[in-house]
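One structure is given here, and the rest of the page talks about it.
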Amino acid sequence: METARLLTLVERQFTQRIAAALDSVDGTVDQWRVLGLLADGKGHPMTQVAEHVILAAPTVTKIVDRLISRGLVYRRVDDTDRRRVLIFISARGRTTLRRWSAAVAGERARLEAAAGDDLAQLGEVLGRIVARLDTPLPAGPHP
């Protein structure tokens, strides 16, 4: 099988299992990823949130709006640049993130048990590949 197809299959199976675990505690993968980013307490502009969850800005806006309606995050004008709005996690959001992360941890433990050391090795290899792909190509013709 080609590498891209295998990566897609692994990602889909992994995400489906995490999604099922989060669904059981009233969350989604994208919502969990947003809260995970915001947990650092720094506040992030929508562009950073979209980059982190790897989704288009309009989709992330809808996710953030839902999180706001649930009282899990809030928007605040950036103190250093009044034109910019930052997203922050609320106290309720932190509690929810702990509950969601516990559900994901349980599923991750089951995945690790099934995959053995392969899952950790895969994470290391993928991290190196992403780092290399993020490096700009040298100037000149490319194969």
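Mean residue ellipticity at 222 nm, helices only, the chain: -21500 deg cm²/dmol; runs of at least 4 DSSP H residues each add -39,500 (n - 2.57), and the sum is divided by the number of residues.
Evaluated with a Cβ-only charge set (Lys, Arg +1; Asp, Glu -1), the chain carries a dipole of roughly 620 debye about its Cα centre, given to the nearest 20.
Between amide H atoms placed 1.01 Å from N, distances below 5 Å from Leu55 occur with no residue 5 or more places distant or on a separate chain.
Here the 3J(HN,Hα) profile of the stretch 16-23, calculated from phi with Karplus coefficients 6.51, -1.76 and 1.60 at θ = phi - 60°, is 4, 5, 5, 4, 5, 5, 5, 4 Hz, Gly and Pro shown as x. Under a Gaussian network description of the chain, with springs only between Cα atoms under 10 Å, the residue in Arg66, Arg110, Arg132 that fluctuates furthest is Arg132. Quick check on the stretch 4-143: take the gyration tensor over C-alpha atoms, sort the square-rooted eigenvalues as a ≥ b ≥ c, and tell me if it's rounded (a/c under 1.5), prolate or oblate. Because a/c hits 1.5 or more and a/b fails to exceed b/c, the stretch 4-143 counts as oblate. Annotation for Leu111 and Glu11: the two label points, set 7 Å from Cα along the Cα-Cβ direction, are 1.3 nm apart.
Every number here is computed from the coordinates shown, using simple stated rules; none is lab data. Just so it is clear, the structure is predicted and the values come from calculations on it, not from any experiment. Neighbour counts are summed over all protein chains in view; Cβ atoms, including those assigned to glycine, are modelled from backbone coordinates with ideal geometry.
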